[in-house]
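The values are calculated or read from the model by the stated rules, or taken from the named source; none is laboratory data. Since we're looking at a predicted model, the values are computed, not measured. When we count neighbours, we look across all protein chains shown, and the Cβ atoms used for this are built from the backbone with ideal geometry, even at glycine.
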Amino acid sequence: METKQTRRNFLRNGLLAVAGSSIATPVVAGSRFENNESPGEKIVYRTLGKTGIKIPIVSMGTGNTDNPALIKSALEKGVKLFATSEYYQNGNNEKMLGKALKGVPRDSFYIQTSTNGGLKIDYKNGLLKPGTDPDVYLKHADGCLKRLQVEYVDIFILGFAARREYVFYDPILKALQKFKQQGKTRYLGIGTHSFEPEAIRAAADTGVFDIVMTAYNFRKNNLKEMNAAIDYAASKGMGIIAMKTMAGAYWDKERTRPINTKAALKWVLNNENIHTTVPDCSNFDQLSQDVSLMADLKLTEDEKKDLKLSHDGLSADIYCQQCGDCISQCPESLDIPTIMRSYMYAYGYKNLTHAQQTLEASNLQQNNCSECAACQVECTAGFDVKKKIADIKRLRDVPQDFLA
Ligand code: SF4
Ligand code: SF4
């Protein structure tokens, strides 16, 4: 664990690091077994790129829980990094996390958060639109600290990063740098789940970001490109965090065929350039499973067999590749990748609040698709896009208090 870090001294250290950045050598990722503070547990640590933070390879995405006891249990088991966002449960997830961590020594855990406030995101094209307001963005970022009841977070993420222009958007880059200079975050990162290879490379090229958090799992069909981009970023000293590691959690919409999530997470961690993962965790069994897999990352033959299910006909039920190939085929130019992400949150993760927020971001209207007798989209994953849109569209008009 690092020495006690106050906002003032990490600000000073950060400035020194900036001053010396031209000669800084990226820390090469490595992993090893160590005794955790909890007796009897073994945890694998990797170094989060040039931040130098040594971190367990399993961290926790908190977006799927409202239970502070689960956070406390994760801490006891040796989890150090908790990833939340203003986006989750409309800020209530940050409040819950702040409450759970209240009184815990600030240098014994890491917090990551993000906001979309002030960002006008063109999800379809992966760009920021005119009207994006850095001042509003910073106000929301301050709100994150307030809800979390902390003076600073460890990692602040620019979410939904996609095209290179998005990542390099100067007013937001400047706002993020200001936030860091004010001592409100130790490190800056991007979060990406569309156009990921482009976003990852761009983040590594900006010289502003230290961290990339990317969707990464065994079902992605652009793994060659993804791995090359991750290797590139890691070689530039970026810390790499994997999200969406459970690839939808179920193979089917009816939730009769769960994905072997332990195998899925092991698969991700077999890439040593993935320094940590933030699987969404909603119960104690899942937490124990996530933590325990660190003892042996080798995939068993049965686990490999389970993951090969991705090649059967039923695999294309929930998990959308976010490839965007459908958009130009649709006469209404619907933001189908975002709609399909909402579908996955609803049917795979059963996180209806998050699904509804995502659906709102896609701007899907009740009358969309009504002009098409048959869907004109040939989805690369084999989805019946029109049918899925009809299913998920019903969530649009459900009052929020039914979902909370
Ligand atoms: S719906 Fe199909 S074509 Fe469209 S982004 Fe998803 S996988 Fe790609
Ligand atoms: S039915 Fe298919 S092609 Fe027609 S608007 Fe809907 S998604 Fe687009």
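Taking the criterion of being without any contact (Cβ under 8 Å) to a residue 60 or more places away in the chain and either touching a helix residue (DSSP H, G or I) at 6+ places or on another chain (Cβ under 9 Å) or more than 7 Å from ligand 2 (Cβ to nearest atom) (or both), the residues of the stretch 380-390 that qualify are Asp384, Val385, Lys387, Lys388, Ile389, Ala390. Of the residues that make up the stretch 357-368, is at least one more than 30 Å from Ile274 (Cα to Cα) and more than 16 Å from ligand 2 (Cβ to nearest atom)? Yes, there is a match, as at least one residue in the stretch 357-368 is more than 30 Å from Ile274 (Cα to Cα) and more than 16 Å from ligand 2 (Cβ to nearest atom).
Between Gly117, Gly91, the distinction of being small (Gly, Ala, Ser) and assigned to a loop (DSSP other than H, G, I, E, B) belongs to Gly117 only.
Just a yes or no: is a residue in the stretch 335-354 under 20 Å from Tyr87 (Cβ atoms), assigned to a loop (DSSP other than H, G, I, E, B) and within 16 Å of ligand 2 (Cβ to nearest atom)?
Applying the first criterion (under 20 Å from Tyr87 (Cβ atoms)) to the stretch 335-354 yields 335, 337-354.
Filter once more, so that each one left must be assigned to a loop (DSSP other than H, G, I, E, B): 335, 349-351.
Filter again for within 16 Å of ligand 2 (Cβ to nearest atom), leaving 335.
Within the stretch 335-354, one or more residues are under 20 Å from Tyr87 (Cβ atoms), assigned to a loop (DSSP other than H, G, I, E, B) and within 16 Å of ligand 2 (Cβ to nearest atom).
Over 18 Å from the mean Cα position of the chain (by Cα), closer than 27 Å to Glu151 by Cβ and not acidic (Asp, Glu): is that true of Leu101 in this structure? Spelling it out, Leu101 is indeed over 18 Å from the mean Cα position of the chain (by Cα), closer than 27 Å to Glu151 by Cβ and not acidic (Asp, Glu). Any idea which residue in the stretch 189-199 is surrounded by the most Cβ atoms within 10 Å (Cβ to Cβ), counting only those that are in contact with a helix residue (DSSP H, G or I) (Cβ under 8 Å, 6 or more places away or on another chain) and either of a type in the set (Gly, Ala, Ser) or over 26 Å from Cys323 (Cα atoms) (or both)? Of everything passing the filter in the stretch 189-199, Gly189 is surrounded by the most Cβ atoms within 10 Å (Cβ to Cβ). Within the stretch 344-382, which residues are surrounded by 14 or more Cβ atoms within 10 Å (Cβ to Cβ), in contact with a Cys (Cβ under 7 Å, 6 or more places away or on another chain) and modelled with pLDDT of 90 or more? Met344, Val377, Cys379 - these are the residues of the stretch 344-382 that are surrounded by 14 or more Cβ atoms within 10 Å (Cβ to Cβ), in contact with a Cys (Cβ under 7 Å, 6 or more places away or on another chain) and modelled with pLDDT of 90 or more.
For Ser328, indicate whether it is within 29 Å of Ala374 (Cα to Cα), modelled with pLDDT of 90 or more, within 14 Å of ligand 1 (Cβ to nearest atom) and not assigned by TED's automatic domain parsing to the domain that holds Thr245. So Ser328 fits the description; yes.
If you go through the stretch 68-88 one residue at a time, how many are within 24 Å of Gln356 (Cα to Cα) and either touching a residue at least 60 places away in the same chain (Cβ under 8 Å) or in a strand (DSSP E or B) (or both)?
Step one: list which residues in the stretch 68-88 are within 24 Å of Gln356 (Cα to Cα), which gives 68, 82-88.
Next cut, either touching a residue at least 60 places away in the same chain (Cβ under 8 Å) or in a strand (DSSP E or B) (or both) only: 82-88.
The number of residues fulfilling the criteria is 7.
If you check Ala373 against the conditions, is it in a loop (DSSP other than H, G, I, E, B) and either acidic (Asp, Glu) or within 16 Å of ligand 2 (Cβ to nearest atom) (or both)? So Ala373 fits the description; yes.
Condition first: over 18 Å from Tyr123 (Cα atoms) and not polar (S, T, N, Q). Now tell me which residues in the stretch 354-378 satisfy that.
Cys369, Glu371, Cys372, Ala373, Ala374, Cys375, Val377, Glu378
If only residues of the stretch 249-284 that are assigned to a helix (DSSP H, G or I) and of a type in the set (Gly, Ala, Ser) are counted, the one that is farthest from Lys304 (Cα to Cα) is Ala264.
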